[in-house]
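A.B. asks: This structure is in structure tokens; I'll ask about it shortly.
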Amino acid sequence: MIRISQMKLAPGHSREDLYEKAAKLLHIKKEQITELTVCRQSIDARKKPDVRLIYVVDVSVSGISEQKCVQRCKGKDISIVTRKRYAFPEPGVRPMKHRPVIIGTGPAGLFCGYELAIHGYCPILLERGQAVEQRCKDVEAFWNGGALDPESNVSFGEGGAGTFSDGKLNTLIKDKDGRGREALSIFVKHGAQPEILYEAKPHIGTDILTGVVAAMRKTILSCGGEVRFGTRADGIRTENGRLTGIFLSDKTVLETEIAVLAIGHSARDTFEAFLEDGLYMEPKAFAVGLRVEHPQKLINLSQYGDASPKHLSAAPYKVTAKADDGRGVYSFCMCPGGYVVNASSEPGRTAVNGMSYSGRDGKNANSAIIVSVTPEDFGADDPLSGIAFQRRLEEAAWRAGQGAVPVQRYGSFSDRASSGHIPADFAPAIRGQWKEADTASVLPPELKKAFEDGMEQFGRMIAGFDDENAFVSGVESRTSSPVRISRDETLQANIRGVYPCGEGAGYAGGITSAAMDGMRVAETIAAAWAPFEMRNGD
Ligand SMILES: Cc1cc2nc3c(=O)[nH]c(=O)nc-3n(C[C@H](O)[C@H](O)[C@H](O)COP(=O)(O)OP(=O)(O)OC[C@H]3O[C@@H](n4cnc5c(N)ncnc54)[C@H](O)[C@@H]3O)c2cc1C
């Protein structure tokens with residue numbers, strides 16, 4: 001394959017234009033290109049409003065050898081490459097007495113279950129929440145003013161925390177084993193847009209993601225896996241430091257010697273129960289803050305130099321700063337053309353997050369502006385002290401909004417004057433009940449100050465970011481896990497046979513990295529054990 005990097009085209013071009021440009025750069029005829037695969041597409045807006053798309057493409061040619069073609073081109077942007085393919089390990093030989101169990105069907109559990117199922121390990125997936133079809137109804141009912149279902153909500157249920165999300169799939173994790181690309185290919189195989197395979201900032205959107213999750217479940221079932229919804233793992237049974245079974249919410253015990261803990265970071269009751277059962281865990285740093293909303297046009301103008309650019313989707317942004325007290329302040333989970341969502345999972349506590357649909361065509365842009373906090377802020381002695389801290393913030397948010405999401409103009413939050421960038425009739429876009437309220441009361445004073453320091457600096461990067469008419473809502477408390485469940489080089493916890501996995505255990509920070517960690521755990525289990533032989537009664 002010949003790889004061409006830095007191939008530039010104007011937005012709105014055709015596929016034919018890609019062939020023409022590649023042929024021109026290779027000094028060959030367009031007809032000599034027998035295959036062209038787009039590996040990556042990014043946006044270069046440095047010379048706005050003259051925005052360009054930058055491509056990395058792999059090309060096969062005929063009528064000339066690849067070596068000769070590349071030699072003729074000179075320059076570092078054209079080279080010969082061999083693509084690394086993802087490889088699942090050869091199976092181990094140790095026989096399993098019972099089927100492996102995966103607790104949680106977020107991206108970590110789902111991808112772990114998928115890999116084990118298609119390779120013959122017949123996993124049993126336990127999910128405390130409901131199948132995605134029922135879960136969507138439960139979440140809509142809550143957003144429309146119904147009661148919160150503590151087991152079926154934005155955090156719990158099939159697909160995990162990211163099901164009602166923007167579905168951003170980019171990750172900072174290096175992909176030397178090809179897991180990241182394989183995860184994206186599995187998404188595409190189950191209904192996601194093929195563009196996610198090459199876009200620099202791929203995203204799926206809630207409307208598509210729900211179908212993808214259901215399709216992956218069907219594949220798992222068709223390969224001999226099993227998924228039990230409405231089934232919570234409540235405890236770990238051990239003998240001589242080894243796992244022997246999982247206590248379930250229906251008061252039965254599921255016999256197993258292998259359990260993957262892919263419980264996400266919101267399963268606070270499960271952390272408590274497993275800690276009591278002897279699982280080693282420790283507190284870890286995370287970040288908290290508030291969601292901030294702006295008109296998407298303001299972000300487009302800042303990023304593209306045009307508030308309504310043709311052929312380009314709603315612009316994202318990423319901003320970071322240091323507060324006066326040295327804390328990091330940064331944007332997180334930015335949702336272009338998206339909505340703020342009530343993502344609570346416990347009665348009497350309010351947490352927010354962000355989502356968008358595949359078209360990212362909402363009027364508002366939102367992101368969490370968060371401030372880093374460490375065990376020094378909330379206590380290092382108790383492994384669950386970060387959870388207690390999150391709960392205090394969420395209770396304050398619930399009180400401020402009296403059960404609805406508390407929302408406030410940034411001008412009244414922080415005495416900011418108008419910069420003239422956001423009109424006074426700008427309105428929030430929120431899924432769930434909301435109420436104008438004293439959001440400023442939700443954060444402790446030192447975190448509120450750090451948040452404001454960050455907002456002021458972001459206002460210098462994106463004009464209007466700290467305008468009085470922007471909105472802040474809260475509280476953004478579930479940015480990453482406040483706990484780490486330790487695991488060794490075999491990926492097992494201090495209780496043998498238990499594999500902490502994904503975001504809740506502290507090994508991932510988003511949909512794709514959680515999926516990759518799930519695949520890694522599946523590979524580790526498969527390399528040690530033989531595929532499961534189904535017997536009557538299993
Ligand atoms: C609204 C929202 C938007 C987001 N947007 C993005 C985004 O755009 N891009 C991105 O990369 N990340 C996003 N995230 C974060 C992302 O969703 C998580 O990083 C990811 O889902 C973590 O995957 P996981 O499998 O480790 O855990 P989770 O997805 O949290 O899954 C854990 C699963 O375990 C189940 N469970 C918990 N305890 C038990 C138990 N005791 N028994 C049985 N089942 C149990 C839960 O019900 C849940 O389904 C978003 C999160 C939210 C809430």
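A.B. asks: Can you list the helices (runs of 4 or more DSSP H) lying wholly within region 371-437 that have 3 or more residues being buried (at least 20 other Cβ atoms within 10 Å of the Cβ)?
C.D. replies: Numbers: elements: 375-378, 385-401, 410-414.
Once the helices (runs of 4 or more DSSP H) in region 371-437 are filtered for at least 3 residues that are buried (at least 20 other Cβ atoms within 10 Å of the Cβ), what remains is 385-401.
A.B. asks: Go through region 481-538 and count every residue that is within 12 Å of the ligand (Cβ to nearest atom) and within 20 Å of residue 242 (Cβ to Cβ).
C.D. replies: Adding up the residues that qualify gives 5.
A.B. asks: Could you tell me whether region 96-103 includes any residue that is part of a helix (DSSP H, G or I) and touching a helix residue (DSSP H, G or I) at 6+ places or on another chain (Cβ under 6 Å)?
C.D. replies: No - not one qualifying residue is present in region 96-103.
A.B. asks: To continue, here is another question. If a residue must be of a type in the set (Lys, Arg) and under 19 Å from residue 410 (Cβ atoms), how many such residues does region 321-371 contain?
C.D. replies: Total meeting the criteria: 1.
A.B. asks: Can you tell me which residues in region 245-255 are more than 9 Å from the ligand (Cβ to nearest atom), surrounded by fewer than 17 Cβ atoms within 10 Å (Cβ to Cβ) and touching a residue at least 12 places away in the same chain (Cβ under 8 Å)?
C.D. replies: If the condition is that a residue be more than 9 Å from the ligand (Cβ to nearest atom), surrounded by fewer than 17 Cβ atoms within 10 Å (Cβ to Cβ) and touching a residue at least 12 places away in the same chain (Cβ under 8 Å), then 250, 253, 255 are the ones that fit.
A.B. asks: Okay, moving on. Could you check region 157-173 and list, in sequence order, the residues that are more than 6 Å from the ligand (Cβ to nearest atom) and not in a loop (DSSP other than H, G, I, E, B)?
C.D. replies: 163 - this is the single residue of region 157-173 that is more than 6 Å from the ligand (Cβ to nearest atom) and not in a loop (DSSP other than H, G, I, E, B).
A.B. asks: Taking region 188-223 as the region of interest, how many residues are modelled with pLDDT of 95 or more and farther than 16 Å from residue 164 by Cα?
C.D. replies: Summing the residues that are modelled with pLDDT of 95 or more and farther than 16 Å from residue 164 by Cα in region 188-223 gives 13.
A.B. asks: Follow-up question, since we're still on this one. For the subset of region 485-537 comprising residues that are of a type in the set (Asp, Glu) and at pLDDT 95 or above, which member is surrounded by the fewest Cβ atoms within 10 Å (Cβ to Cβ)?
C.D. replies: Here the answer is 489.
A.B. asks: Which one of the conditions (1) within 16 Å of the ligand (Cβ to nearest atom); (2) closer than 21 Å to residue 51 by Cβ; (3) of a type outside the set (Lys, Arg); (4) over 19 Å from the mean Cα position of the chain (by Cα) does residue 306 fail to meet, given that it meets all the rest?
C.D. replies: The failed condition is (1).
A.B. asks: Here is a further query. Would region 351-362 turn up any residue that is out of contact with any Pro (no Cβ under 9 Å at 6 or more places or on another chain) and assigned to a helix (DSSP H, G or I)?
C.D. replies: no
A.B. asks: For region 256-266, does any single residue satisfy the condition of being within 15 Å of the ligand (Cβ to nearest atom) and among the charged types (D, E, K, R)?
C.D. replies: Step one: list which residues in region 256-266 are within 15 Å of the ligand (Cβ to nearest atom), which gives 256, 259-266.
Filter again for among the charged types (D, E, K, R), leaving none.
Scanning region 256-266, I find no residue that is within 15 Å of the ligand (Cβ to nearest atom) and among the charged types (D, E, K, R), so the answer is no.
A.B. asks: Among the residues of region 114-168 satisfying the criterion of being of a type in the set (Phe, Trp, Tyr) and crowded, with 24+ Cβ neighbours inside 10 Å, which is farthest from residue 367 (Cα to Cα)?
C.D. replies: Checked region 114-168; the qualifying residue farthest from residue 367 (Cα to Cα) is 121.
A.B. asks: Within the bounds of region 319-335, is there any residue that is surrounded by fewer than 18 Cβ atoms within 10 Å (Cβ to Cβ), within 16 Å of the ligand (Cβ to nearest atom) and over 17 Å from residue 480 (Cα atoms)?
C.D. replies: No - not one qualifying residue is present in region 319-335.
A.B. asks: Can I ask one more? Report, by residue number, each residue of region 438-450 that is assigned to a loop (DSSP other than H, G, I, E, B) and of a type in the set (D, E, K, R).
C.D. replies: The first filter runs over region 438-450 and keeps only residues assigned to a loop (DSSP other than H, G, I, E, B), leaving 438, 442-444.
Matches in region 438-450: 438 only.
A.B. asks: With the structure loaded, tell me whether residue 214 is of a type outside the set (Lys, Arg) and within 12 Å of the ligand (Cβ to nearest atom) or whether it fails that test.
C.D. replies: So residue 214 fails the test.
A.B. asks: Could you say which residue among 344, 331 is in a strand (DSSP E or B), at pLDDT 95 or above and touching a Ser or Thr at 6+ places or on another chain (Cβ under 8 Å)? Break it down stepwise before answering.
C.D. replies: Numbers: 344 fails: in a strand (DSSP E or B).
Exactly one residue qualifies, and that residue is 331.
A.B. asks: Are there any pairs, at least 6 apart or on different chains, whose C-beta atoms fall under 7 Å, with the first in region 106-124 and under 21 Å from residue 161 (Cβ atoms) and the second assigned to a loop (DSSP other than H, G, I, E, B) and among the charged types (D, E, K, R), and if so, which?
C.D. replies: 108/503; 123/99
The values are calculated or read from the model by the stated rules, or taken from the named source; none is laboratory data. Predicted model, so just to flag it, every value in this text is computed and none were measured. All Cβ positions, glycine included, derive from the backbone under ideal geometry; neighbour counts span all protein chains shown.
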